[in-house]
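Okay, so here's the structure we're looking at.
The values are calculated or read from the model by the stated rules, or taken from the named source; none is laboratory data. Since this is a predicted model, take the numbers as computed values, not measurements. All Cβ positions, glycine included, derive from the backbone under ideal geometry; neighbour counts span all protein chains shown. These area figures cover heavy atoms from the full protein model, side chains too; ligands, DNA and RNA do not enter into them. Shrake-Rupley method; radii C 1.70, N 1.55, O 1.52, S 1.80 Å.
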Amino acid sequence: SKFMTANYPEREYSNFMIALLLAFPVLINSVKIFGNLILFIFVILGVYISISEKKNPFQMPELKLFSWLMVGYFGVMLFSMLVADGLNAEFYHLGRKLHFLLAPFIALALFQIDLPLKRLLLSLKFGLIIIGIIALVYSLGFTEKISMININIFGDITVAMLFLSIVQVFKETPKERIITFIAVLLGGYALFLSSSRGSWVSFIILSIIYIGLIYKPFLQSGKSKLSLVLLLAIFLGFISTNSKIQARVSQTITAVQNWDSESKTITSAGERLNMWVTGLKATQDSPWLGHGYRNANDATQKYTAQDIGYTHLHNEYITSLVSAGVIGLLALLTLLFTPMVIFYKQLNNNKNYHYALMGVLLCVGYTTFGFTHIALGEEHINAFYVLFMGFLLPKMMRGH
């Protein structure tokens, strides 16, 4: 970028940005305010670049698609509120989605720097090691809580970090692989302790996708095969013999059976099923534009005697459908699947391969988080998606 004048050299800007970008995965899951603070600094820098260099992210070929996707999604949510409640809508709720409105500036700030992928992967691994250590301290009884944020969000971000951190495992030196191995074990332990069943499901789905995508380099390298098989064996052995996991699984099965037989015992799985079924009923009142962002629960409450004491329906797709109708659901699917298709096509491009693999895993991860949690409704999970998508997607668009 040419805008760096003598008083603020390009290298210093780049180093400052890289330091923040590398701190993000390290601290997102362990220090509550940090992720949003970093993104806020990126937004300010992006606005500065936009004005001083007269750059418009909506017109730059690399940033165009990303900017329209993100702001379009925000716009649909805003529109749903305007249609439902007019100017009396409680617009402050949109603060949680502000990341999407400001995303073009974040991407513009990131676009100015050249960050080596190895460094980014290392910071993801450090992040996993830190939360793994926190989890160990927690399991030994030294601390009350495993995370500063909602445990489901914690679990989901941990899953995303786990899979993003291993995209280059077949190219790594033995030393790098040891760090990867430690990071995955500790991250996996933190994930297990979170007891977040939705995150466990995402982990299983992503494992299958990951193995499906990397089987070629996997078949070619003998040593990696051994370490990966070993890691999987440890995981599977741990899962199959662990009473906590077995208890959570059987608890879920019983809850679903109880709910099916109309028993009145309320369990978290039963609560979710109730929200989903009644949510789909509520959709029929306003199918196209929904009831307005953040009105989903009130709309659903009319159809059930059970109290819905949450701010969402524990399923991103049904929440979007009730909140913003079919149009809202389409905006969400476009946000997840458009990048996914682009990343998938770029897997054949050797230059972009590792970035494309990260992109596919990121999109698949967020698609699965939406099954039982909020995929794009809480600020940490939004921050993670916007930042990594803003880093990865423009790299794919460079050649287009």
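Below, the figures for the structure above:
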| read-out | value |
| --- | --- |
| Exclusive hit being among the aromatic types (Phe, Trp, Tyr), open to solvent by 20 Å² or more (accessible area, probe 1.4 Å) and at pLDDT 90 or above, set TYR8, TYR73, TYR48 | TYR48 |
| Residues of region 193-208 that turn out to be surrounded by fewer than 22 Cβ atoms within 10 Å (Cβ to Cβ) and of a type in the set (Phe, Trp, Tyr), as a count | 1 |
| Residue in region 345-363 that is in a helix (DSSP H, G or I), at pLDDT below 90 and touching a helix residue (DSSP H, G or I) at 6+ places or on another chain (Cβ under 8 Å) present | no |
| Residues being open to solvent by 20 Å² or more (accessible area, probe 1.4 Å) and either touching a helix residue (DSSP H, G or I) at 6+ places or on another chain (Cβ under 7 Å) or on the phi > 0 side of the Ramachandran plot (or both) - total across region 379-400 | 3 |
| Residue count for region 343-372, restricted to those that are open to solvent by 30 Å² or more (accessible area, probe 1.4 Å) and under 29 Å from LEU321 (Cβ atoms) | 4 |
| Every pair of residues 6+ apart whose Cβ atoms lie under 8 Å, when the first sits in region 92-117 and is closer than 11 Å to PHE391 by Cβ while the second is of a type in the set (Gly, Ala, Ser) | ILE106/GLY46; ILE106/GLY390; ALA107/GLY46; ALA107/SER67; ALA107/GLY390; ALA109/GLY46; LEU110/GLY390; ILE113/SER14 |
| Residue within region 368-381 that is touching a residue at least 60 places away in the same chain (Cβ under 8 Å), small (Gly, Ala, Ser) and part of a helix (DSSP H, G or I) present | no |
| Tally, over region 11-31, of residues that are crowded, with 18+ Cβ neighbours inside 10 Å, among the hydroxyl-bearing types (Ser, Thr, Tyr) and either closer than 22 Å to ALA160 by Cα or without any contact (Cβ under 8 Å) to a residue 60 or more places away in the chain (or both) | 0 |
| Pair list, Cβ < 7 Å and 6+ apart or interchain, from region 172-194 residues that are without any contact (Cβ under 8 Å) to a residue 12 or more places away in the chain and under 16 Å from MET161 (Cβ atoms) to residues that are among the basic types (Lys, Arg) and open to solvent by 60 Å² or more (accessible area, probe 1.4 Å) | none |
| Qualifying positions in region 17-43 - of a type in the set (Val, Ile, Thr) and assigned to a helix (DSSP H, G or I) | ILE18, VAL26, ILE38, ILE41, VAL43 |
| Options LYS171, LYS118, LYS145; residue that is under 30 Å from ARG398 (Cα atoms), open to solvent by 20 Å² or more (accessible area, probe 1.4 Å) and modelled with pLDDT under 90 | LYS171 |
| Residue list for region 372-394, restricted to those being of a type in the set (Gly, Ala, Ser) and over 21 Å from VAL26 (Cα atoms) | GLY377 |
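Residue-wise test of (1) under 19 Å from GLU379 (Cβ atoms); (2) assigned to a helix (DSSP H, G or I); (3) not polar (S, T, N, Q).
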| site | (1), (2), (3) |
| --- | --- |
| PRO104 | yes, yes, yes |
| GLY127 | yes, yes, yes |
| GLY132 | no, yes, yes |
| VAL137 | no, yes, yes |
| GLY141 | no, no, yes |
| PHE163 | no, yes, yes |
| ILE178 | no, yes, yes |
| ILE182 | no, yes, yes |
